[in-house]
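The next block holds one structure in the form of structure tokens; read it before the comments.
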Amino acid sequence: MSSRSGELLDQGLDFFTTIITRLSEDDWERPTPCADWTARDVLGHLATSTSVGISIMQGRQPTWPDGARPGSAAARLS
């Protein structure tokens, strides 16, 4: 990953963090435009997708998430 790509990734994650830290516990259980997914599920999907992407960019075998439980990664973050 180039240094500029890394900077952009860091900026995007910092921005995203400022948004998610404003959410209340009740907000995490709200529905989203993604059918049957809560906000927690979307965060879990983003977290595991980011982790998989980083593993691939580093040449490591990624750990694939449980697709039936997209929010499980978000639960590990809280």
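Just to verify a result, which residue in the range 8-46, among those that are among the hydrophobic types (A, V, I, L, M, F, W, C) and outside any helix (DSSP H, G or I), is modelled with the highest pLDDT?
Leu23
Could you say which residue among Trp28, Trp37 is more than 24 Å from Thr63 (Cα to Cα) and touching a residue at least 24 places away in the same chain (Cβ under 8 Å)?
Criteria check complete, one pass: Trp28.
Counting only residues that are under 18 Å from Ile54 (Cβ atoms) and surrounded by 12 or more Cβ atoms within 10 Å (Cβ to Cβ), how many does the range 14-31 have?
The qualifying residues number 1.
How many residues are modelled with pLDDT of 80 or more and surrounded by 13 or more Cβ atoms within 10 Å (Cβ to Cβ) when one looks only at the range 58-78?
Selection size over the range 58-78: 1.
Of everything in the range 47-70 that's part of a helix (DSSP H, G or I) and aliphatic (A, V, I, L, M), which residue is farthest from Ser3 (Cα to Cα)?
Filtering the range 47-70 for residues that are part of a helix (DSSP H, G or I) and aliphatic (A, V, I, L, M), the one farthest from Ser3 (Cα to Cα) comes out as Ala47.
Just the residues that are more than 12 Å from the chain's Cα centre (by Cα) and in contact (Cβ under 8 Å) with a residue 12 or more places away in the chain, please, taken from the range 40-63.
Result: Met57, Thr63.
The values are calculated or read from the model by the stated rules, or taken from the named source; none is laboratory data. Bear in mind that the values here come from a model prediction, so they are computed numbers and not experimental data. Cβ: placed from backbone, ideal geometry, glycine included. Neighbour counts: every protein chain shown.
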